[in-house]
1. Which of the residues spanning segment 239-271 are in contact (Cβ under 8 Å) with a residue 60 or more places away in the chain and either small (Gly, Ala, Ser) or exposed (fewer than 12 other Cβ atoms within 10 Å of the Cβ) (or both)?
2. For segment 384-407, what are the residues that are open to solvent by less than 60 Å² (accessible area, probe 1.4 Å) and either among the small types (Gly, Ala, Ser) or under 15 Å from Arg487 (Cα atoms) (or both)?
3. Can you tell me which residue among Ala479, Ala539, Ala485 is more than 24 Å from Ile442 (Cβ to Cβ), outside any helix (DSSP H, G or I) and not β-branched (Val, Ile, Thr)?
4. Residue pairs, Cβ under 9 Å, 6 or more apart or interchain, first in segment 310-325 and under 18 Å from Arg385 (Cα atoms), second small (Gly, Ala, Ser) and outside any helix (DSSP H, G or I). List them.
5. When segment 444-457 is examined, which residues are found to be polar (S, T, N, Q) and either under 14 Å from Arg524 (Cα atoms) or loosely packed, with under 12 Cβ neighbours inside 10 Å (or both)?
6. Does segment 303-314 include one or more residues that are in contact with a helix residue (DSSP H, G or I) (Cβ under 9 Å, 6 or more places away or on another chain), assigned to a loop (DSSP other than H, G, I, E, B) and surrounded by fewer than 15 Cβ atoms within 10 Å (Cβ to Cβ)?
7. Sort through Gly461, Gly421 and tell me the only one that's closer than 28 Å to Asp345 by Cβ and not acidic (Asp, Glu).
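The values are calculated or read from the model by the stated rules, or taken from the named source; none is laboratory data. Computed from a predicted model, the values in this text were never measured in an experiment. With ideal geometry, Cβ positions are generated from the backbone for all residues, glycine too; neighbour counts draw on all protein chains shown. We work out accessible area using only protein heavy atoms, side chains counted, and drop any ligands, DNA or RNA first. Shrake-Rupley method; radii C 1.70, N 1.55, O 1.52, S 1.80 Å.
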Amino acid sequence: MTHLHASPMYSPEDRAVEQLRNGVVYTPTNVVAVTNTLNKFYDRAVRGIFDSRQDNPVGVLASIEAAFEVSQEILSSLMLPDIDSAVVPKTDTTPAYVIIEEFSAGIIRVRDLSRERNTFLRGCTHTQDISDQEPIPNTSSGASSPGRFSSGSDFGDLDTPFTERSILFNDHDIEIAVHQSALEQHILVVGGCGFIGSHTVWELAKAGYNVIIIDNLSNAFSSVFHRLDAMINLHYDTVKIGCRRPSLKLYEADFRDTKTIEKILEAYESPLVFSQDTEIQRHSRISGVIHFAAFKAVGESIKHPLKYYANNVGGLIDFCSLLSDFGIKNFVFSSSATVYGTVADLGIPLREEYCSQSRTVFMDDDGIKKVVESGSSGLTNAYGRTKWMCEAILNDLAHADPEWTITALRYFNPIGCDESGLLGEDPRAAATNLMPVVLRVITGESPVLNIYGDDYDTPDGTAVRDYIHVTDLALGHLAALKSRADRGFRVYNLGSGTGHSVLDVVAAMEAVSGRKIPTQLVGRREGDVGMCVAKANRAQEELGWRTEKTLETCCRDVWRFLQESRIIV
């Protein structure tokens, strides 16, 4: 049997492969080289499929076989280092273990090409036996065509006529590893070290999801990741004993850094799928994305609007374009109740239809048929406008490409923290929303709590908000991932449906802590509205989600976090 070999090797990558075959010890440089070599043969094989499917079947088979053989020789020779370390440092070069993951993904891609080779061989319509044809050079593959082919074996197996058996693993080991790698699914959480993001990662992990975090840590700390990792280990050691512990990884990167994000996404590619018209469709082991990475301070957005438009809107456009390239089209977007603008001042719970991305006809709670044109009314700040713009963009995307499933979750006012007291709100920059400010007063960081306005049309004159426990909010994201019954764009309110004033929150926190919170009245704050309360029936009916925790529970969990963190005594 004639073995298929590549053309004469001259490149540094090819020399590195030869060194590895001869027993050279692993180095990061060689991993880069073999990865580039594998990608080179893979690309050539793909070009062979496009260029030669009708005219040169032997060339097609040669291209695929060359890629597969080289990949197996590399796999057999490469001594992989320990790549369990989860945190990827922020460097100018790609970390070695990211490269190794790309290499492993390449092995899977080339294996898929081997299966395509077998399918193509069986379906060949040429009347002449392929094995009787003269070798035909295929310059695009970088390989000479074999003199003879054998179609008697299953080329899904590693032990093909043209490859030697692996010296490190047997066929069963590799078959299981490839199968598990191809089927293992991950949820990508962008901004997963932040307040809401970290609690969502925790709930995902408890539910058994493998989680990838991308966070530039501009407003969070890497210690949050380490805390999450320890919590997950403890959970699976004491609560879910015997269950598979899901994976958790952190990539310190800005979601707007397209080149870096592309490298990360490539590491999670699944085998390519070839449709009947030979169009290549990229597939990923990332089955869903939750997007938290947005600037969110109302006051800052008024002072620095371009910063907010560039990050929140421009970043989303580029990010979704990249996800689409990789076939990742299940997207959960962190939106906000600020999109309702001054409609919130109507004094009634807000329905999703009150701010719509298309003309909407519905029966309101009073039984009257209403028509709402697309758009929003009375947006009061740049932050709210960015969220509305993002919803409009995502709605247009889902209409243009029906393969997308996009869920926009309009948050009301998340507070509280995980009941363990181990995870809470700990941003780098001082948060301006109510609860963090209350806590700064309790801990002595601030002398007094400013109450912005006591002349709103509310029971006690202070602003009323729908406060929702962050754990309930996090579980809303899980419901959005697994409970959507249809594709397209859909909006859901995530709120309790009950409003509490600023003075209500102060009283609840004083009751839990046993401490007095000094307050002072000041003028209204620019961009604020008097009342904002959700009507969350749609989420309950369609996603099976509703809030479970009360305002008192929120305050108790926050107080426990302060005690566990030794912030208060």
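1. Across segment 239-271, the qualifying residues are Ser247, Ala253, Ala267, Ser270.
2. Scanning segment 384-407 gives Gly384, Ala392, Leu394, Asn395, Leu397, Ala398, Asp401, Trp404, Thr405, Ile406, Thr407.
3. Working: Ala479 fails: outside any helix (DSSP H, G or I); Ala539 fails: outside any helix (DSSP H, G or I).
Going through Ala479, Ala539, Ala485 in turn, just one is more than 24 Å from Ile442 (Cβ to Cβ), outside any helix (DSSP H, G or I) and not β-branched (Val, Ile, Thr): Ala485.
4. The qualifying pairs are Asn311/Ala293; Asn311/Ala294; Asn312/Ala293; Asn312/Ala294; Gly315/Ala293; Gly315/Ala294; Leu316/Ala293; Leu316/Ala294.
5. As a first pass, look at segment 444-457 and keep what is polar (S, T, N, Q): 446, 450.
Selection gives Asn450 alone.
6. There is at least one residue in segment 303-314 that is in contact with a helix residue (DSSP H, G or I) (Cβ under 9 Å, 6 or more places away or on another chain), assigned to a loop (DSSP other than H, G, I, E, B) and surrounded by fewer than 15 Cβ atoms within 10 Å (Cβ to Cβ).
7. Gly461 is the lone residue from the list that is closer than 28 Å to Asp345 by Cβ and not acidic (Asp, Glu).
One line per residue, one yes/no per condition, for (1) of a type outside the set (A, V, I, L, M); (2) more than 27 Å from Tyr354 (Cβ to Cβ); (3) touching a helix residue (DSSP H, G or I) at 6+ places or on another chain (Cβ under 6 Å):
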| site | (1), (2), (3) |
| --- | --- |
| Pro518 | yes, yes, no |
| Val522 | no, yes, no |
| Gly527 | yes, no, yes |
| Glu542 | yes, no, no |
| Leu551 | no, no, yes |
| Arg556 | yes, yes, yes |
